[in-house]
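Worksheet for the structure shown next.
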Amino acid sequence: MSEGTGASTDALLAEAIGLVNVGRGAHALQLCERAVASRSPHAGLLQLFAVLLRRAGREAEALRAIEASVALRPDHVPSLLIAAELAGDLEHSASAERAYERVVALEPAQVDAWFALALLRQDRYDLAGAEAALREVLRVAPPRAEVEVNLGIVLQEAGRLDEAMRAYGRALRLADASFGRIAHALAAPATGRLWLDLDALREHLRALPA
């Protein structure tokens, strides 16, 4: 079957998916490329095209394809996630943030999207936004040391060191391996506290209230 035989776009999409499933991704990409160029926009076809372009290392084209797909179905969470990841890969942080914000608005329990959103906000020094996103992760999912460490860093950067220390204490109680990141963060010049005895720091953190 091919796009020249009068097959419907849905049939072409099914054919391309079949090619992917048997390891013929390059052929699927060629089929999608021809179909996208010759047919009316189709959200599912554009989504698969974006995925295959990304696999081929053509990220900028992939982002354009997934943005076209999202324009056709703006509430489709899998497409929004692809758009967010691609925008992040290409350092289009504002576009990535908007896509993640849409994801969590549609599906508030999307833990990974909340965490990715927090990191984007933290990178651009939106500390209040990053804190809010991290607290959402902690609200909707079991406690994770990685999240508590990031929350501690955000609170520390906001000048709320006592709260940061409690977050670090929670992280350490969840995973002792988090201590390296915590000690590194606390070594920042702006912290205002210098810990020469790391064993004492570890014990202090463990003893802090949650």
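What follows draws every value from the coordinates through simple rules; no lab data is involved. This is a predicted model, so every value here is computed, not measured. All Cβ positions, glycine included, derive from the backbone under ideal geometry; neighbour counts span all protein chains shown.
If you bin all the Cα-Cα distances of segment 125-210 at 5 Å, starting from zero, the percentages per bin are 3, 16, 28, 27, 17, 7, 2, 0. Relative to the longest principal axis of the chain, what angle (0 to 90°, nearest 10) does the C-alpha long axis of helix 59-72 take? The two axes meet at around 80 degrees. Taking Cβ atoms as reference points and 13 Å as the exclusive limit, the residues near Leu29 contribute a net charge of +2, counting Lys and Arg as +1 and Asp and Glu as -1. Between Pro142, Pro41, Pro74, the GNM of the chain built on Cα springs shorter than 10 angstrom shows Pro142 fluctuating the most.
Secondary-structure-derived ellipticity at 222 nm for the chain, considering helices only, amounts to -23000 deg cm²/dmol, per-run term -39500 (n - 2.57) for DSSP H runs with n ≥ 4. Helix 43-55 and the longest principal axis of the Cα set of the chain meet at an angle near 60°. Taking the Cα centre of the chain as reference, the dipole from Cβ charges on Lys and Arg (+1) and Asp and Glu (-1) amounts to some 140 debye.
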